[in-house]
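The values are calculated or read from the model by the stated rules, or taken from the named source; none is laboratory data. Please read all numbers here as calculations on a predicted model, not as lab measurements. As a convention, Cβ positions derive from the backbone with ideal geometry for all residues, glycine included, and neighbour counts pool all protein chains shown.
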């Protein structure tokens, strides 16, 4: 090998070495291309999965206002002391677990704020395990006094903050509780899987809260959090603001509702006040009731059990879900059916000996000595059973059932509430199905006086009163008259709905209305105890036996409307354990009427 | 050194290598700052300031070594080597144990890593031996002796244990043999036997080293433990994408997925790759390629055998660090605690790198010139 060749090999060896190094770099570049360019998106997803968290924030529920704008359900600000664990961690001494450190901080704050600790060690550990990036609430819903202390003594404390959230509140406590309904913790939303954390959300469980849940419930917003390796929240990447729900304007009138509930004081029953000109439900009362605020944020199990076990059944919404035999308050229906059929006329007079014989069966009049000679007008005033047996048999049960259905009985009223009960207007088919025998004339007699199988809810009977008040126009009762979009100034009106017209000749309707006026206004009317000076009222009392025959258990009823000339109110009231409609219900209803017509001076202690 | 000698020296310095060195140091300081960054209101650690200090000290070491005649240093190679071995023995006896290994000696309030200096001393001594006039590279005894010189330091570093650092000596020895003139057939045989010996090496490894290899082969095996850094580093590098997220915009270190202890040191490349993307990685590798080219240039133009061996050996040593560090960061090699020259945070390593560069420049300045 020549010297030159040797020198070349020496140099070539170094070139080879450098080439080998560059080849090794090429290998690195190939791998970098694979990671950063070919699979870059995959690693970006991995990055997001480990450091991005989605949080769902519920929107605040809309409010419910009465027809005069008085709030019945709304949100109030609730202040809580919350701990930001990511910041607390910074002051944590070594060798102390985060849970222990948080517990110590809570104890220290507890002394300083003079508030007993609401958090247990288990709560803290669970929060750390499951909801680390979210703030931990240490004291919720501070009283005004505590709030002042917190503001004064907590300033500048790292990792501790005052948070405000919206809490449902019912300013009138138990007023219209059955109609308003209550809320409960919602099931996780359908798109819940897209979220890592969900703050508790509320959903309507009963009443308007339930029926209008989709309007009331705001739309949820979200937060995109970045968390660090330990799971602590680092920053908020993105935020989708929550949208509050719609506000509802109710037909209810707080004052009327309060009168209705006061009229039911101490008894089990229901009372409904409608505006016959619109179908607006001015009051929808069911007694006994309960305090809605006990359901916020969650009803205690013990209280729930008490409500469930109470024999008075406070959770039952008697006004719409309670079905009772309407008794004599049904008689206007029979009267209209008979008169309209032409089989019984206004002039027809019958004699009431105190009973009515149908074959061998004896059907009694409530007045055992009899009413003597009565026509339809007086029959209504005295609530004479015998004339209605005769009238009912004259027109037949189908005509009665037909009239009843057209007045809105025997079917759900269509009110915007759950539990809208149909009641029952029996007919041939029903009897065959339920009792395996055909219709008999005896059944017609019972039906004619609102007994037997006839069942109606207080709301249906109020509807009947409203229909009679409105000259035969049947309107759908409604609770919500308007919706207001979040941040909007005015309510969008919901127009009232006319279901149908009763289709009765005006003179027949007039006769029934006059009869009902006499019930209240005549000295010998069965409902004279309703009278309020200064206003002409019309009404009809009813008393229906229930339970075993002769047990003496009676439901007392009264329906009424007024002023007679231009009715503004139509009312129905039932009391579950009554002596009679005229003696038990009329005085209570009179109390209500007195409130509705305050211009009239008080009747000097005599009814 | 008088003024004329100074001007001569400055004129003959490899400025390309000097400038790429400065550029790499600047990149290192910038991304050590980024690795410590936690946000505008949370000033990062002061590692970058310390690194600036070490870089300044390193520059002095660089100039000192470049000015000194490498041949006079080479004459003392045996003593320097023995001193380095003494340091390695000392660290085993009184060294501080950190992360399960004895690698550091505390001296004047600074943690010193004797193995860093030992690597240089070993290359120096091995190159010196191979360049002795009566050393015949074709004789087997030559390989035994040079193997013993490197092997002594290798073993002392392995038992620390610091397998990663020790392993960089093996390709260096091989390259020294190559440059010394060991016949190509023998060199090929050595590579072959090295591959065949790998299973034996497995048996000789400590459990933590084996675990690292297992994790390398299957990172999902223990994602929260040993595999963590590997996975998080891959996520950092991969999520950087083509263009990167931008300086100070990387999240893997800020959120702590890339542990704060390793982000500015062994895994600094992940931080760079996440923030600067594929283009940044490529630029950095290009910079390193130019930089290493300077070392090869020094070897090619060395005026004597010792200078050539020294420059080639040191270049290989630095190359091994660059390659292994980046390869482990991007999942091509098992995780070993090997820093990235001039970029990773660390004083001892900055100084030894600068010393190695200075020695190469000492060779280059005194290069053989035809004219």
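On inspection, residue B:269 does not qualify as touching a residue at least 12 places away in the same chain (Cβ under 8 Å) and within 9 Å of another protein chain (Cβ to nearest Cβ). Residue A:260 fulfils the conditions (1) more than 25 Å from residue A:487 (Cβ to Cβ); (2) touching a strand residue (DSSP E or B) at 6+ places or on another chain (Cβ under 8 Å); (3) within 14 Å of chain B (Cβ to nearest Cβ) except for a single criterion, (3).
Which residue out of A:200, A:158 is modelled with pLDDT under 80, within 14 Å of chain B (Cβ to nearest Cβ) and not in a strand (DSSP E or B)? When all the criteria are applied, what remains is A:158. Taking the conditions (1) within 14 Å of chain B (Cβ to nearest Cβ); (2) assigned to a strand (DSSP E or B); (3) modelled with pLDDT of 80 or more; (4) crowded, with 18+ Cβ neighbours inside 10 Å in turn, residue A:224 satisfies each one other than (4).
Within region A:127-140, which residues are surrounded by fewer than 16 Cβ atoms within 10 Å (Cβ to Cβ) and touching a residue at least 24 places away in the same chain (Cβ under 8 Å)? Steps first, please.
Pass one, region A:127-140, residues surrounded by fewer than 16 Cβ atoms within 10 Å (Cβ to Cβ): A:129-130, A:140.
Across region A:127-140, the qualifying residue is only A:140.
Looking only at residues that are surrounded by fewer than 24 Cβ atoms within 10 Å (Cβ to Cβ) and either at pLDDT 95 or above or within 10 Å of chain A (Cβ to nearest Cβ) (or both) in region B:331-340, which one is nearest to residue B:263 (Cα to Cα)? So the residue we want is B:331. Considering only residues that are assigned to a loop (DSSP other than H, G, I, E, B) and away from chain A (no Cβ under 11 Å), which ones fall in region B:290-307? If the condition is that a residue be assigned to a loop (DSSP other than H, G, I, E, B) and away from chain A (no Cβ under 11 Å), then B:303, B:304 are the ones that fit.
Results for (1) touching a residue at least 12 places away in the same chain (Cβ under 8 Å); (2) in contact with a strand residue (DSSP E or B) (Cβ under 7 Å, 6 or more places away or on another chain); (3) within 11 Å of chain A (Cβ to nearest Cβ); (4) closer than 23 Å to residue B:157 by Cα, shown as yes or no for each residue.
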{"residue": "B:321", "(1), (2), (3), (4)": "yes, no, no, yes"}
{"residue": "B:324", "(1), (2), (3), (4)": "yes, no, yes, yes"}
{"residue": "B:347", "(1), (2), (3), (4)": "yes, yes, no, yes"}
{"residue": "B:352", "(1), (2), (3), (4)": "yes, no, no, yes"}
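Within the span defined as region A:572-585, every residue fails to be without any contact (Cβ under 8 Å) to a residue 24 or more places away in the chain and assigned to a loop (DSSP other than H, G, I, E, B).
Per-residue answers, yes or no, for (1) closer than 30 Å to residue B:252 by Cα; (2) surrounded by 17 or more Cβ atoms within 10 Å (Cβ to Cβ); (3) within 7 Å of chain B (Cβ to nearest Cβ):
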| residue | (1), (2), (3) |
| --- | --- |
| A:4 | no, no, no |
| A:9 | no, no, no |
| A:18 | no, yes, yes |
| A:25 | yes, yes, yes |
| A:34 | yes, no, no |
| A:38 | yes, no, no |
| A:45 | yes, no, no |
| A:53 | yes, yes, no |
| A:56 | yes, yes, no |
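Residues of region B:67-99 that are closer than 25 Å to residue B:50 by Cα and out of contact with any strand residue (DSSP E or B) (no Cβ under 7 Å at 6 or more places or on another chain): B:87, B:97, B:99. Annotation: residue B:254 fulfils all but one of (1) more than 23 Å from residue A:235 (Cα to Cα); (2) surrounded by 24 or more Cβ atoms within 10 Å (Cβ to Cβ); (3) within 11 Å of another protein chain (Cβ to nearest Cβ); the unmet one is (1). Remark: residue A:60 matches the filter, which requires a residue to be more than 10 Å from chain B (Cβ to nearest Cβ) and part of a loop (DSSP other than H, G, I, E, B). Going through (1) within 14 Å of another protein chain (Cβ to nearest Cβ); (2) more than 9 Å from the chain's Cα centre (by Cα); (3) in a helix (DSSP H, G or I) one by one, residue B:367 falls short only on (3).
Return a yes/no flag: does region A:395-415 have any residue that is surrounded by 24 or more Cβ atoms within 10 Å (Cβ to Cβ), touching a residue at least 24 places away in the same chain (Cβ under 8 Å) and at positive phi. Yes, because at least one residue in region A:395-415 is surrounded by 24 or more Cβ atoms within 10 Å (Cβ to Cβ), touching a residue at least 24 places away in the same chain (Cβ under 8 Å) and at positive phi.
Tell me the residue from B:287, B:310 that is surrounded by 24 or more Cβ atoms within 10 Å (Cβ to Cβ), modelled with pLDDT of 95 or more and more than 10 Å from chain A (Cβ to nearest Cβ), please.
Testing whether each residue is surrounded by 24 or more Cβ atoms within 10 Å (Cβ to Cβ), modelled with pLDDT of 95 or more and more than 10 Å from chain A (Cβ to nearest Cβ) leaves just B:310.
Residues in region A:284-303 that are surrounded by 13 or more Cβ atoms within 10 Å (Cβ to Cβ), more than 30 Å from residue A:477 (Cα to Cα) and out of contact with any helix residue (DSSP H, G or I) (no Cβ under 7 Å at 6 or more places or on another chain): A:297, A:298, A:299.
Any residue at all in region B:202-222 that is assigned to a helix (DSSP H, G or I), within 14 Å of chain A (Cβ to nearest Cβ) and at pLDDT 80 or above? No: region B:202-222 contains no residue that is assigned to a helix (DSSP H, G or I), within 14 Å of chain A (Cβ to nearest Cβ) and at pLDDT 80 or above.
Tallying residues that are without any contact (Cβ under 8 Å) to a residue 40 or more places away in the chain, buried (at least 19 other Cβ atoms within 10 Å of the Cβ) and more than 10 Å from chain A (Cβ to nearest Cβ) within region B:223-244 yields 1. Determine if region A:92-108 includes at least one residue that is in contact (Cβ under 8 Å) with a residue 40 or more places away in the chain, more than 13 Å from every other protein chain (Cβ to nearest Cβ) and assigned to a helix (DSSP H, G or I). The answer is yes, given that some residue of region A:92-108 is in contact (Cβ under 8 Å) with a residue 40 or more places away in the chain, more than 13 Å from every other protein chain (Cβ to nearest Cβ) and assigned to a helix (DSSP H, G or I).
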